[in-house]
Amino acid sequence: MNILMLASEAVPLAKTGGLADVVGTLPMELARLGHDVRLALPRYAALDATAIKLKKAPSVEVPWRGDRLEVGVETGTLGGGAVPLTCIRYDPFFARQGLYGEGGRDYPDNLDRFALFCRAVMEACKQPGRPPDILHAHDWQAALAVAYLKTLYRNDPAWAGTRALFTIHNIGYQGLFPVSTYDATGLPWSEYTPERLEYYGQVNLLKGGLVYADILNTVSPTYAREIQTAEFGFGLEGVLQTRKDRLFGVTNGIDYDVWNPETDPHLPARYSADDLSGKRECKRVLQAEMKLPVRDVPLVGLVSRLAFQKGIDLIVDILPKLLDLDVQVVALGSGDPSYQTLLAGLSARYPDKLSVRLTFDEPLAHRIEAGADLFLMPSRYEPCGLNQLYSLRYGTVPVVRKTGGLADTVVPYVPDARSGSVATGFSFETPEPEVLLSTMFLALRVYRDKEEWTGLMRRGMQQDFSWQRSAGQYVELYARAMAL
Ligand code: ADP
Ligand code: GLC
C-alpha cells in the first residue's frame with residue numbers, strides 16, 4: 001500500500017507526548033511490513049536537520065486567504081532511510097519555541113498554522129499518476145487534510161481514489177477556534193455547518209477529521225467505546241455514535257528498540273526479567289540523582305504531562321497521606337502551572353520523601369521508569385497511555401485508573417483472588433482520592449511480599465506490546481477503507 005501519514009509531532013524530531021512516540025514508530029513498522037509510507041511534518045526550528053538528512057526540495061504555491069503563498073518543502077528520511085519524510089517549511093509559523101504554544105498558552109494563530117501545514121502537504125505530496133491509497137491523519141492538527149481531500153481535492157487526479165483514515169489520540173483536544181478564523185481554512189462556507197465543521201458557533205477541526213474520514217480509529221478498544229458516551233466524548237459523542245460502524249480501537253505498541261531495560265543507553269545499569277540486579281542499581285542511582293536518601297524503601301514514580309486528564313489533582317490530594325508512610329516519590333512533569341506550584345510546595349514540605357522535576361527530560365523519564373518500584377497513573381481518562389506500557393517493560397508495577405487503554409493493558413491484582421497468576425498491576429475505578437489512596441495502600445502491602453511482587457514485575461516485563469501487532473491492525477483498517 002502507498003500511505004501518506006501526516007501529524008504534528010514524531011520522535012525523535014519533535015515531541016510533547018505519546019502522539020510523537022506513535023507517529024515516529026508506526027511508519028517504520030509499516031515500512032517493515034513492505035508498505036510504501038511517507039510521513040509529513042511541519043518544519044519546526046528545533047528539528048535536527050542533519051539527523052534526518054533534510055534537503056531543500058522545490059517549494060510549492062499554496063492557495064492562502066484568496067492569494068497564493070510560497071511555502072518551503074524539505075525532504076529527508078527517518079529510521080535510517082526506511083521512511084521518506086516531507087517537512088513543510090514556513091518559518092513565520094513553525095520556527096517558534098513551542099509546537100503549539102509557550103508558557104502554558106496556545107499560539108493564537110494555531111488554526112492558520114495547521115491549516116497551512118495541511119494545505120501545503122496536499123500540494124507538496126502530490127505524485128502525478130500515483131495517488132496514495134491512504135491518507136492517514138492524526139489528531140486535530142492534521143484533520144483539515146482529510147477535509148481538503150474530500151472537498152477541495154475531490155476531483156484532483158493526484159488524489160483519485162485516496163481513502164482517509166483519521167486517528168483520534170485524545171478527544172479532549174479538539175482544535176476549537178473562533179468563527180472569525182474560518183477563512184484561513186480555505187474551505188467554502190457551505191462546509192461550516194453543524195454536520196461538518198461547525199460546533200456551537202466555533203470551528204472544530206477535530207470534528208472535521210471525524211466527519212470526513214472514511215474510517216476512524218482511536219488508540220484502544222475501551223476508549224473507542226468510551227468516547228461514544230457523554231462522560232468521555234467531550235461533546236462529540238453524538239457525532240461518533242453516528243459513525244460507530246466506522247470507528248475502531250487499535251491499542252498502541254511501544255518501540256522496544258528505545259524502551260528496553262536490557263539495552264537502554266540512558267540507564268546506569270541494564271537488567272532483564274531473569275536478572276533484576278541492574279534494576280536495584282538503577283533505583284540507587286535515581287535516589288541519588290533526585291537527592292533522596294539512598295535506602296531500601298518503596299519508590300513511586302510519576303512521569304506525566306501535568307494536566308487534569310492525568311489525575312494530577314488526585315495525586316496532589318493523596319500525597320500528604322501517602323508521604324506519612326515510609327515511601328519515596330519521584331515526579332517528572334511539565335504543564336499546568338497550578339499543578340507545578342502544588343507539587344513544588346509539597347516537595348519543599350517533604351524534602352526527604354518527594355523529589356520533583358518540573359521540566360521535559362526524556363533521559364530522566366527512562367531512569368524513572370527503570371529506578372522506581374511502582375508507577376502512578378491515575379488518569380481520569382486515557383486514550384491509550386504509553387507510560388504504563390514502558391513501566392510494565394521496566395518491571396515497575398503500574399497503579400492505574402481502569403479507563404481507556406489503561407483498562408486494556410494492565411491486569412489488576414485482586415486480593416484474595418487467584419489473580420496472582422495473571423496480574424500485572426493495580427487499578428481502581430472511581431476517580432476519588434480515597435479510592436486511589438486505598439489502592440496505593442494495597443500495592444504497598446503487596447510490595448512487602450517479595451515473592452508476590454517479583455511475580456508481578458516479571459509478568460509485566462513479559463507482556464508483548466510490540467508495534468508489530470498494532471501495525472498489522474492499521475493495515476487491516478487501511479484495507480477496509482480501500483474496499484469502501
Ligand atoms: P500523553 O500522550 O497523553 O501525554 P502517553 O502516556 O501516551 O501520554 O505518552 C507520554 C509520553 O511523553 C511518554 O513517552 C512519556 O515518557 C513522555 N513524557 C511525558 N512527560 C514527560 C516529561 N516531563 N519529560 C519527559 N518525557 C515525558
Ligand atoms: C494521547 C493520549 C495518550 C496516548 C497518546 C498516543 O496523547 O493522551 O493516551 O497514548 O496520545 O496515542
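Here Leu322 fulfils each of the conditions (1) open to solvent by less than 20 Å² (accessible area, probe 1.4 Å); (2) more than 15 Å from ligand 2 (Cβ to nearest atom); (3) closer than 24 Å to Glu281 by Cα apart from (3). Of the residues in the stretch 252-262, none is assigned to a helix (DSSP H, G or I) and touching a helix residue (DSSP H, G or I) at 6+ places or on another chain (Cβ under 6 Å). Taking the stretch 284-297 as the range and being assigned to a loop (DSSP other than H, G, I, E, B) and open to solvent by 20 Å² or more (accessible area, probe 1.4 Å) as the test, the residues that pass are Lys291, Pro293, Val294, Arg295, Asp296. For the stretch 395-433, filtered to residues that are without any contact (Cβ under 8 Å) to a residue 60 or more places away in the chain and in a helix (DSSP H, G or I), the residue that is nearest to ligand 1 (Cβ to nearest atom) is Leu406.
Condition check ((1) more than 16 Å from ligand 2 (Cβ to nearest atom); (2) within 28 Å of Gly186 (Cβ to Cβ)) across all residues:
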{"position": "Ala7", "(1), (2)": "no, yes"}
{"position": "Val11", "(1), (2)": "no, no"}
{"position": "Leu26", "(1), (2)": "no, no"}
{"position": "Ala82", "(1), (2)": "yes, no"}
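Just so you know, in the stretch 22-46 the residues that are in contact with a Lys or Arg (Cβ under 9 Å, 6 or more places away or on another chain), over 16 Å from His136 (Cα atoms) and not aliphatic (A, V, I, L, M) include one that is nearest to ligand 1 (Cβ to nearest atom), and it is Tyr44. Scanning the stretch 302-329 for residues that are part of a strand (DSSP E or B) and either of a type in the set (Asp, Glu) or in contact with an Asp or Glu (Cβ under 9 Å, 6 or more places away or on another chain) (or both) returns Val303, Arg305, Leu306, Gln328. Pairs are defined by a Cβ separation below 6 Å, a sequence spacing of at least 6 or placement on different chains, a first member in the stretch 15-29 that is closer than 24 Å to Gln97 by Cβ and assigned to a helix (DSSP H, G or I), and a second member that is of a type in the set (S, T, N, Q) and open to solvent by less than 20 Å² (accessible area, probe 1.4 Å); the pairs so defined are Val22/Asn252.
Consider the stretch 238-283 and keep the residues that are under 26 Å from Gln468 (Cβ atoms) and of a type in the set (Asp, Glu). The one that is most open to solvent (accessible area, probe 1.4 Å) is Asp274.
Of Tyr381, Tyr390, Tyr474, Tyr478, all but one fail to be among the aromatic types (Phe, Trp, Tyr), outside any loop (DSSP other than H, G, I, E, B) and in the same structural domain as Pro298 (by TED's automatic domain parsing); the exception is Tyr390. Determine if the stretch 122-134 includes at least one residue that is within 17 Å of His169 (Cβ to Cβ) and open to solvent by less than 20 Å² (accessible area, probe 1.4 Å). No, because not a single residue in the stretch 122-134 is within 17 Å of His169 (Cβ to Cβ) and open to solvent by less than 20 Å² (accessible area, probe 1.4 Å). Look at (1) away from ligand 1 (no atom under 16 Å from the Cβ); (2) outside any helix (DSSP H, G or I); (3) surrounded by fewer than 15 Cβ atoms within 10 Å (Cβ to Cβ); (4) not acidic (Asp, Glu) and you find that Gly345 fails only one, number (2). Within the stretch 45-92, being among the polar types (S, T, N, Q) and either outside the structural domain of Ala10 (by TED's automatic domain parsing) or buried (at least 20 other Cβ atoms within 10 Å of the Cβ) (or both) holds for one residue alone: Thr86.
Selection of the stretch 144-160 for residues being open to solvent by 40 Å² or more (accessible area, probe 1.4 Å) and farther than 19 Å from Leu210 by Cα yields Asn155, Pro157, Ala160. Under the condition of being out of contact with any Gly (no Cβ under 7 Å at 6 or more places or on another chain) and either more than 20 Å from Ala164 (Cβ to Cβ) or part of a loop (DSSP other than H, G, I, E, B) (or both), the residues counted in the stretch 225-240 number 11.
In a residue-by-residue description of the stretch 47-61, the property of being without any contact (Cβ under 8 Å) to a residue 60 or more places away in the chain, more than 16 Å from ligand 1 (Cβ to nearest atom) and within 25 Å of Gln473 (Cβ to Cβ) applies to no position.
Of all the residues in the stretch 218-233, those that are open to solvent by 40 Å² or more (accessible area, probe 1.4 Å) and under 18 Å from the mean Cα position of the chain (by Cα) number 1.
Taken over the stretch 30-46, the criterion of being free of Cβ contacts under 8 Å to residues at least 60 places away in the same chain and either of a type in the set (Ser, Thr, Tyr) or part of a strand (DSSP E or B) (or both) is satisfied by Asp36, Val37, Leu39, Leu41, Tyr44.
Going by the structure shown, is Leu19 within 16 Å of ligand 2 (Cβ to nearest atom) and either in contact with an Asp or Glu (Cβ under 8 Å, 6 or more places away or on another chain) or not assigned by TED's automatic domain parsing to the domain that holds Thr162 (or both)?
When the stated conditions are applied, Leu19 passes them.
Per the conditions (1) part of a loop (DSSP other than H, G, I, E, B); (2) modelled with pLDDT of 95 or more, the sole criterion not satisfied by Gly80 is (2). Gln141 meets all of the listed conditions (1) within 16 Å of ligand 1 (Cβ to nearest atom); (2) surrounded by fewer than 24 Cβ atoms within 10 Å (Cβ to Cβ) but one, namely (2). Candidates in the stretch 1-12 are the residues that are away from ligand 1 (no atom under 11 Å from the Cβ) and open to solvent by 20 Å² or more (accessible area, probe 1.4 Å); of these, the one that is farthest from Ala124 (Cα to Cα) is Pro12.
The values are calculated or read from the model by the stated rules, or taken from the named source; none is laboratory data. All values reported here derive from a predicted model rather than from experimental measurement. We place every Cβ from the backbone using ideal geometry, glycine too, and count neighbours over all the protein chains shown. The area values use the complete protein model at the heavy-atom level, side chains included, leaving out ligands, DNA and RNA. Shrake-Rupley method; radii C 1.70, N 1.55, O 1.52, S 1.80 Å.
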